[in-house]
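The values are calculated or read from the model by the stated rules, or taken from the named source; none is laboratory data. In this text the structure is predicted, and so the values were computed from the model without any measurement. No Cβ is skipped: glycine too gets one built from the backbone with ideal geometry, and neighbour counts run over all protein chains shown.
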Amino acid sequence: MHPTLISAPASSSANDTHAGTSQGSHQGHRIQVIRRDGSSTPLNIGKIRAVVDWACLGLEVNSIALEAGLTTRLREGISTREIQDNLISCALEMCSPNEPDWRYVAGRLHIWSLWKDTLVRRGYQYGQYLRTVQTKVTNGEYDSRILTYSEAELQEAGCWINSDWDTDYDYAGAVLLTSRYLLPNELPQEALLTCALLLASVEAPDRRLQWARRFYEAIAARRISLATPILANLRVPGGSLTSCFIVAMEDNLESIFGEITNAARISKNGGGVGVNVSRIRATGSWVMGKPNASGGVIPWTKLLNDTAIAVNQGGRRAGAVTVGLDVWHLDVPEFLEMQAENGDQRRKAYDIFPQLILPDEFMRRVINKEDWTLVDPYEVREKMGIELAELWGEQFENAYQAIESSLDATITLYKRINARELFKQIMRTQVETGMPYLSFKDTINKANPNKHLGYIPGTNLCCESFSNVTPGQDAHCCNLVSLNLANLDLQDIAGVSQIAVRMLDNTIELTAPPFADAKSHNNKYRTIGVGAMGLADWLAKRRLNYDELADINRLFEEIGYWCTQSSMELAKERGAYPAFPGSDWQKGLLIGSKPVSWFQTNAAKPERWEKLANDIQTHGIRNSHITAIAPNTSSSLVQGCTASILPVYSRFFYDKWAKGTVPIAPPFIGNCFWFYPENKTMDQRKVVKAVAAIQQWTDTGISMELLFNLNAGIYFSEEPERSLNAKDIFDTLVMAWEAGCKAIYYIRTVQKDDFKDSSDGCVACAN
């Protein structure tokens with residue numbers, strides 16, 4: 001994407017670049033600097049100039065301006081680390097929409113500091129990979145499975161390392177990579193190479209090295225982005241590689257506390273948690289035959305909230321839990337108020353992420369302004385023998401209508417409410433807090449290839465990954481990577497998809513699931529999620545916009561086809577996933593449980609889909625779910641591209657980090673500035689249409705965020721006094737359901753020219 005460097009500035013020792021004698025600068029003889037080892041030496045301007053020139057090489061910046069900016073900050077007794085930090089600060093200060101490349105200069109300088117620090121601490125930089133592996137295995141930092149490879153193989157692999165790949169990061173990416181993912185005394189390419197080798201370690205001995213090289217080059221060149229649990233945990237002994245989990249609670253103490261314990265185990269290992277609580281009896285229900293004794297789902301949700309705080313994600317930050325509740329549950333109104341400031345604080349849960357599960361019947365009643373009935377699942381189960389949480393589609397509709405026909409006569413604990421009014425309450429909560437997430441249950445389950453073995457109760461933390469969940473037996477788990485579309489062309493999709501699918505299938509053999517139900521699910525369904533990021537960059541590079549649905553369709557048809565085909569090829573080699581018999585895949589249905597006839601009508605190359613359906617029926621498919629598009633909020637910064645498939649919030653802005661103010665911009669802003677539409681001014685119906693188009697080729701889900709600007713005149717140029725109103729938002733949300741979107745993740749708003757955001761996303765999905 002950006003020019004790479006042939007070599008870094010030469011250094012004769014482990015001492016600092018900015019130190020040493022110089023014949024070329026009188027100032028260097030006047031000012032004494034303190035090196036990293038504590039010694040004092042005259043400042044060497046010539047060496048500073050060499051580092052600056054190296055950092056600016058091939059970029060559209062003026063290196064003299066950086067050197068001049070530094071000169072004003074020099075003083076007697078300054079440390080070489082301060083000089084480096086001042087160079088970075090100067091570069092960041094000069095960064096602007098007109099000169100965006102300064103962020104790459106700052107990134108290179110940050111990496112240079114990492115190289116120097118590593119050299120000082122361990123005595124070498126790159127070039128001794130075998131030594132690095134042996135040292136870290138001995139110290140318990142690396143998984144000993146890396147020693148599956150011989151010393152000769154590790155030495156050969158070490159020769160693949162290209163340090164120039166370290167210099168392709170902008171400052172935001174370099175800081176995130178080094179602070180969040182690297183182990184002590186570890187360099188970026190060593191981390192990536194070790195991950196690649198471990199991912200290939202389950203391959204046949206005569207092929208593992210060639211696969212390891214393909215994995216490494218795809219990762220290091222930032223064509224494939226590893227999810228946070230893989231990149232952070234794979235090298236660590238006993239690490240869990242799974243990004244997201246979904247569990248469901250039965251209506252009894254053993255199940256409730258068991259799943260809370262599982263949620264804690266998941267958070268400890270760095271995963272995101274989805275917990276469905278729809279089976280739990282409502283407030284005012286019976287307990288041991290006593291009426292009005294149950295506290296409902298809120299107290300259990302609060303326990304999950306406190307667990308997320310108490311058990312952090314692998315020491316990185318607080319755990320992340322989404323709690324899902326079906327919209328027919330009697331506790332829904334209070335569930336929507338859990339994060340409001342008013343009311344009983346003992347029934348508040350501010351640190352979980354609420355999710356509502358919506359069936360088609362509810363959405364139809366919302367549109368028609370019909371009544372909706374909230375019921376207690378315990379009473380329905382005890383008096384009518386119906387486990388409402390398990391049902392979807394026509395079965396749900398028939399059961400629900402039977403329940404409504406039994407109100408008062410059989411069902412006594414209920415509440416009638418207008419469906420439209422309830423949806424308005426949902427919208428008000430979304431505008432205030434960004435949540436609840438919305439999961440369209442029937443849409444999700446119609447597309448489920450494993451209907452023969454169960455149902456999907458809701459979505460994961462980021463609304464893109466889900467499959468069958470059976471309380472006490474199978475907990476959904478998914479391993480994720482993303483294709484970096486900013487660095488890919490159409491002709492690259494086939495090869496990189498093959499690598500991504502194979503890589504993820506290998507993680508299932510390598511991961512250490514944190515509890516038994518997760519292990520059972522991994523073994524039975526082998527669920528993976530190949531996603532995508534950088535769609536905005538892919539479009540901008542080609543002078544396209546989000547209205548170009550034909551081009552978007554073509555791109556994601558390629559991804560969908562090659563990922564599915566790659567999983568089929570793996571089934572030839574390794575066998576189909578165990579739950580394949582009886583699945584929709586076996587019946588000849590393809591992505592989204594759609595018949596071949598759909599692809600004959602809608603695909604650009606229908607003949608290959610027909611052949612693929614026949615091949616899957618013959619050979620099986622390795623993974624029950626294959627594609628899922630995560631939000632990638634943070635990992636996209638490491639990858640140097642835009643997040644997920646969404647437009648950029650702004651073409652250029654500064655973000656406040658612990659290390660100060662950091663410039664954020666898309667990679668091609670210099671040449672394609674006007675081809676990056678800003679989401680803060682984009683009609684969100686365009687986003688919905690694009691997501692719906694992509695969803696056709698994605699067998700699991702998409703983390704679809706919607707951003708509504710509430711300022712006047714943003715969307716209505718001919719009506720400068722008009723601002724977005726509730727009906728506009730309502731129409732967009734309904735449109736998402738009608739268009740076949742499976743879920744709605746965050747609702748974000750711009751209010752009074754101020755962007756109201758939540759956290760930086762889901763670390764579990766490389767957020």
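The listed residues are V105, V133, and the only one of them that is in a helix (DSSP H, G or I), under 20 Å from I48 (Cα atoms) and at pLDDT 95 or above turns out to be V105. What do you reckon, is A340 part of a loop (DSSP other than H, G, I, E, B) and closer than 15 Å to V275 by Cα? Considered against the rule, which asks whether it is part of a loop (DSSP other than H, G, I, E, B) and closer than 15 Å to V275 by Cα, A340 comes out as no. Residues that are touching a residue at least 40 places away in the same chain (Cβ under 8 Å) and under 20 Å from T507 (Cβ atoms) within the stretch 142-165 comprise Y142, D143, S144, R145, I146, T148, Y149, A157, listed in sequence order.
Between K383, K441, K369, K415, the distinction of being buried (at least 17 other Cβ atoms within 10 Å of the Cβ) and of a type outside the set (V, I, T) belongs to K441 only.
From the list Y437, Y455, pick out the single residue that is touching a strand residue (DSSP E or B) at 6+ places or on another chain (Cβ under 6 Å) and farther than 16 Å from A628 by Cα.
Working: Y455 fails: touching a strand residue (DSSP E or B) at 6+ places or on another chain (Cβ under 6 Å).
The match here is Y437.
If you check K541 against the conditions, is it of a type outside the set (S, T, Y) and surrounded by fewer than 16 Cβ atoms within 10 Å (Cβ to Cβ)?
Values: of a type outside the set (S, T, Y): yes; surrounded by fewer than 16 Cβ atoms within 10 Å (Cβ to Cβ): no.
Judged against the criteria, K541 is not a match.
The set of residues in the stretch 236-260 that are of a type outside the set (A, V, I, L, M), surrounded by fewer than 24 Cβ atoms within 10 Å (Cβ to Cβ) and modelled with pLDDT of 90 or more comprises P237, E250, D251, N252, E254, S255, F257, G258. Within the stretch 145-156, one or more residues are assigned to a loop (DSSP other than H, G, I, E, B) and closer than 21 Å to L199 by Cα. Checked across the stretch 414-430, the condition of being in a loop (DSSP other than H, G, I, E, B) and not assigned by TED's automatic domain parsing to the domain that holds I729 holds for no residue. Residue count for the stretch 752-767 under the criterion of being among the small types (G, A, S) and either at pLDDT 95 or above or at positive phi (or both): the result is 2.
Evaluate the following for I146: is it touching an Asp or Glu at 6+ places or on another chain (Cβ under 7 Å) and not assigned by TED's automatic domain parsing to the domain that holds D37?
Working: touching an Asp or Glu at 6+ places or on another chain (Cβ under 7 Å): no; not assigned by TED's automatic domain parsing to the domain that holds D37: yes.
In short, no.
Per the listing A263, A310, A282, the residue uniquely farther than 19 Å from M435 by Cβ, in contact with a helix residue (DSSP H, G or I) (Cβ under 9 Å, 6 or more places away or on another chain), buried (at least 18 other Cβ atoms within 10 Å of the Cβ) and of a type in the set (A, V, I, L, M) is A282. Only residues that are closer than 18 Å to K116 by Cα and of a type outside the set (S, T, Y) were counted in the stretch 177-206, giving 11.
When Y142, Y129, Y124 are screened for being touching a helix residue (DSSP H, G or I) at 6+ places or on another chain (Cβ under 9 Å) and surrounded by fewer than 16 Cβ atoms within 10 Å (Cβ to Cβ), only Y124 passes. Looking across the stretch 479-492, not a single residue is under 22 Å from R526 (Cβ atoms) and either in contact with a Phe, Trp or Tyr (Cβ under 6 Å, 6 or more places away or on another chain) or part of a helix (DSSP H, G or I) (or both).
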